[in-house]
1. Considering every residue within the stretch A:192-207, establish whether at least one is surrounded by fewer than 19 Cβ atoms within 10 Å (Cβ to Cβ) and either among the hydroxyl-bearing types (Ser, Thr, Tyr) or under 18 Å from A:Ile232 (Cβ atoms) (or both).
2. From the list B:Glu348, B:Glu335, which residue is over 14 Å from B:Asn265 (Cβ atoms), open to solvent by 30 Å² or more (accessible area, probe 1.4 Å) and in a helix (DSSP H, G or I)?
3. Just for strands (runs of 3 or more DSSP E) wholly inside the stretch B:229-306: which have at least 2 residues that are within 14 Å of chain A (Cβ to nearest Cβ)?
4. Inside the stretch B:190-212, can you point out the residues that are part of a helix (DSSP H, G or I), farther than 17 Å from B:Asn43 by Cα and open to solvent by less than 30 Å² (accessible area, probe 1.4 Å)?
5. For the stretch B:68-87, does any single residue satisfy the condition of being farther than 22 Å from B:Ala235 by Cβ and over 17 Å from the mean Cα position of the chain (by Cα)?
6. Residue check, B:Tyr322 against (1) open to solvent by less than 10 Å² (accessible area, probe 1.4 Å); (2) within 24 Å of B:Tyr264 (Cα to Cα), all met but one. Which one?
7. Identify the single condition in (1) in contact with a Gly (Cβ under 8 Å, 6 or more places away or on another chain); (2) not in a strand (DSSP E or B) that B:Val323 does not satisfy, given that it satisfies every other one.
8. Taking interchain pairs and intrachain pairs at least six residues apart, which have beta carbon atoms under 6 angstrom, with the first residue in the stretch B:26-45 and touching a residue at least 24 places away in the same chain (Cβ under 8 Å) and the second outside any helix (DSSP H, G or I) and open to solvent by less than 70 Å² (accessible area, probe 1.4 Å)?
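The values are calculated or read from the model by the stated rules, or taken from the named source; none is laboratory data. Source: prediction; values computed, not measured. Ideal geometry is used to build each Cβ from the backbone, glycine not excepted, and the neighbour counts take in all protein chains shown. Each accessible area value is taken on the protein alone, full model and side chains, heavy atoms only, with ligands, DNA and RNA left out. Shrake-Rupley method; radii C 1.70, N 1.55, O 1.52, S 1.80 Å.
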Amino acid sequence: MSRIANAFEDETAFIGFLTAGDPTIEKTVEYILAMDEAGCDLVEIGIPFSDPMAEGVVIQDANVRALKHNTTTDDVFEIVKKVRQKTDVPLVFLTYINPVFFYGYEEFFKKCNECGIDGIITPDVPFEEKGEIADIAAKNDVDVISLIAPTSKERIQMIAGDATGFIYVVSSLGVTGMRSEIKTDLSAIISDIRDVCDLPVAVGFGINTPEQASKISEIADGVIVGSAIVKIIEECGENASEALKQYVSEMKNACR
Amino acid sequence: MSKGRYGEYGGQYISETLMNELFYLEEQYNHYMNDPDFIDELNTLLKEYAGRPSLLYYAKRMSEDLGGAKIYLKREDLNHTGAHKINNVLGQVLLAKKMGKTRVIAETGAGQHGVATATAAALLDMECEVFMGEVDTQRQALNVYRMELLGAKVHTVKSGTKTLKDAVNDAFRDWIANVNDTNYVIGSTMGPHPFPQMVRDFQAVISAEARQQILEKEGKLPTAVLACVGGGSNAMGAFYNFIEDEDVQLIGCEAGGKGIDTPYNAAALTNGKIGIFHGMKSIFNQGEYGQIAPVYSISAGLDYPGVGPEHAYLRDSGRAQYVAVTDEEAVGAFEYLSRTEGIIPAIESSHAVAHAIKIAPEMDKDDIIIVCLSGRGDKDVKSIAEYRGVELNE
């Protein structure tokens, strides 16, 4: 069984996101391990990009902080290597396609495989453009995680039918960021997905409270939280480990 | 592979959330472009409201002064709102209206596309919000107020480099959140399919007219067509109907800023590399590791780190050439055209004028150059004065 499949085996998985290099490369290693220790079942690592078009302000700012001290794609691979020495928690990259394209698809996915990256999420590569990376990723045992949005409708069948790893359901229209309320009819979307595939379904975008996590847990296999975690890192800077552990364990408990 | 390809360029590299909307937009676009009533309505707006056809003006004093090719100016600056942008905007906003949308959004650099969108939105009774980088709201404060007068809301974009590319980012972010009632009216031949094609088609009126006008005036086709290139909409419009005329040289003039060997330029086709950004595979100015590079130009309208995918294709296929023109050359051309012909060109268009000044003297008297004068320069007077160290007391 793959590490990603493992993450969803028992109760609802809690998936945490942070931006690599925010506040520093060393601290990113420490924070991933802290989240893992507190019960995070899968960690999404954002490769910083100059123009993160799908992100709200909180994660945009994290990208700016990471790039201010020139966090590079090679630095991010170093982070993964260090984390991998200590844990088997599944690790997935969240990256815009240009840094991957620039690095060279072959070279990038070879490195992913060597470092122990399990999957990749590219918010600016829809189903129609998946051919850019699908074969090379598969060759290197990296799952390409597909996104499904509230507007996907009849596209769900096509996307879910061809998906690997897990399915990332975008909870709301708009960019990432904490929301007080999620209005989308997620159970209808998830039920459409379950009609065509057996992969675990995780929901992200906007989730930040234990109440929301608990509610999503009733219908989904995973809860994804990004901005709330990045906000803690923004506020605590180099001393975020304890706050992260506390938040992650609270959220993980809500998923149980 | 997805639709909307120009060789390897183009495509639809965008959030899943927008995919169905892009398909719907394409379908509606194809539908209405084949609907005689829509075409009639659009043509009436272009004629009665925007003032088309625009003149093809023989710049006699300039031609004689330079002593080579005859130079014609395609006077897009005479359109309502003072630039070529209105051609595309009337098409897109009318289409949005037909699609049942109630709100349009736009990005703007110099403010010309924002003003044009606000204008069309006022005319067609649509809500309008415009995203503009903070740096540009300062460079082009008058255009901000102009948009507000027209009833639009202007968002000052403070992320990233605070210029055009960041305005595009925020416009896409808004569209993702409001896709049900909103159309994103992209101002250039860029973004995911169908935008590069749609914007080109709406701008192709420039070359359709120019081709006919030059045949009427000179009985032959021009030797070269020149246009400035940021995202590339006036250039695609000016080139499009000449592409099949293989003897007509097509020359795009990019923003060379302070020089293409300095970091301060926006010449993507001269200095950029292939990449994937803003919904398209094309050529972008980018740094190590594929971070999109901060670019610079005196011209807010050319201050964009990429170029539309069809230009990338025209360059690779050799059908068009692209040259870089520096700030200094563009400002020189701005002043030259003002003095010589009594026409104050937009600083964007001045890049194309500058290249005409460079090549015309080396050409024969029976050669003809058409320069697309994409906009008027009233908006730039202040920044040109600043560039020359002249203090204006307003």
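1. For the stretch A:192-207, residues surrounded by fewer than 19 Cβ atoms within 10 Å (Cβ to Cβ) and either among the hydroxyl-bearing types (Ser, Thr, Tyr) or under 18 Å from A:Ile232 (Cβ atoms) (or both): absent.
2. On the way: B:Glu348 fails: open to solvent by 30 Å² or more (accessible area, probe 1.4 Å).
Only one candidate qualifies: B:Glu335.
3. Strands (runs of 3 or more DSSP E) meeting the threshold: B:273-277, B:279-284.
4. B:Phe195, B:Pro196
5. Of the stretch B:68-87, the ones farther than 22 Å from B:Ala235 by Cβ are B:68.
In the following step, the residues that additionally are over 17 Å from the mean Cα position of the chain (by Cα) were identified as B:68.
Yes: one or more hits.
6. The failed condition is (1).
7. For B:Val323, the failing item is (2).
8. Final answer for the pair search is B:Glu26/B:Pro194; B:Gln28/B:Met99; B:Tyr29/B:Pro194.
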